[in-house]
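For reference, the structure discussed in these notes is given below.
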Amino acid sequence: MAEIQVYISSISSSQEIKKNQHRIRDILGDNFRGQLSSVTYIDIATDSKQKDKMREIVGDPKALPPQICKGNEYLGDYMAFDNAVEDGDIKGFLKL
């Protein structure tokens, strides 16, 4: 089973970021309970070290949440996640 980390921000003025984070939670929670050992939501708003780690994994010093990782392996941002959902390849995106 896979462990997925989703970097989020609990404090954001962007409605788009909030909506995207919520959609990721809904999709991962509803569809992958038996296939993921855990999904950890890491709040970068409460720990700047986590924000730095997210940006290091992503390889972009200006990256914004949500960002999805599997351990230290970067899987993609919301757009890549959404494209995988629309293409019916979320398992491929999550490398399950």
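Selection within segment 4-22: residues that are of a type in the set (Gly, Ala, Ser) and under 16 Å from the mean Cα position of the chain (by Cα). The member of this set that is most open to solvent (accessible area, probe 1.4 Å) is Ser10. Exactly one residue among Ser38, Ser48 is farther than 14 Å from Ser9 by Cα and at pLDDT below 95, and that residue is Ser38.
Residues that are surrounded by 18 or more Cβ atoms within 10 Å (Cβ to Cβ) and either modelled with pLDDT under 95 or not in a helix (DSSP H, G or I) (or both) within segment 64-89 comprise Leu64, Pro65, Pro66, Gln67, Ile68, Cys69, Tyr74, Leu75, Asp77, listed in sequence order.
The values are calculated or read from the model by the stated rules, or taken from the named source; none is laboratory data. Source: prediction; values computed, not measured. Every residue, glycine as well, gets a Cβ built from its backbone with ideal geometry; the counts of neighbours run over all protein chains shown. Only protein heavy atoms, including side chains, enter the accessible area calculation; ligands, DNA and RNA are left aside. Shrake-Rupley method; radii C 1.70, N 1.55, O 1.52, S 1.80 Å.
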